[in-house]
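Quick notes on the structure that follows.
Only the coordinates and a few stated rules stand behind these numbers; no lab work does. It should be emphasised that the depicted structure is a prediction, and the values quoted were computed from it without experimental measurement. Methodologically, a virtual Cβ is constructed for each residue, glycine included, from the backbone with ideal geometry; neighbour enumeration extends over all protein chains shown.
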Amino acid sequence: MQEWITNIMVSLGYLGIGLLMFLENLFPPIPSELIMPLAGFTVSQGKMEFAPALLAGVLGTILGALPWYYAGKLLGDEKLQGLADKYGKWISVSGKDIQKANNWFKKYGKQAVFFGRLVPGVRTLISIPAGINGMALLPFLFYSTIGTVLWVGLLTFAGFVLGDNYELVETYIGPLSKIVLAILIAGFIIWVVRKRMRMNT
């Protein structure tokens, strides 16, 4: 997998980054935790610029999120879960995964799209419940883009800093992303509680 990712990035440059991140969103087994740190490492070697690499990663991610969003919008919850249980093994997605993402969306609303972009395993699937629950396209793109910029920026910067050891990002990003998620959710809950308290006074 790593050699394939490297070959595409070397041969296609920024276009390769965008293409890989697009495919990563369509096929979750392709890890962004390898793609963007490799881009950061390439930047550290002076073979790419940071801003265009980041932009390519963000655009690829957002374009890759749209097919899942429209799948949720057009097919609905039950049909998608059935298809995932039948064929999802090829892309490591099950009906249970879709149901979990849908429950998460219902619990946290539109902000779940933002939070979801920061969590491996959830970041791809969160587009589906956004479509299922009829989230408007512009808010979906807005929250997706903000979350994606943070996620892609973190991975690219980590690869830039680690240099030759950029592969370590994949090992450590999982626990780190869970900590970030916990902080974000706690902050969101505090914001909701304070807002309700102000409304009641």
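Here the residues GLU49, GLU3, GLU24, ranked from fewest to most Cβ neighbours within 10 Å of their Cβ, fall in the order GLU3, GLU49, GLU24. Using R0 = 25 Å, the C-beta based FRET efficiency linking LEU63 and GLU3 works out to 0.50.
Put the Cα centre of the stretch 102-147 next to the Cα centre of the stretch 46-73 and the gap is 15 Å.
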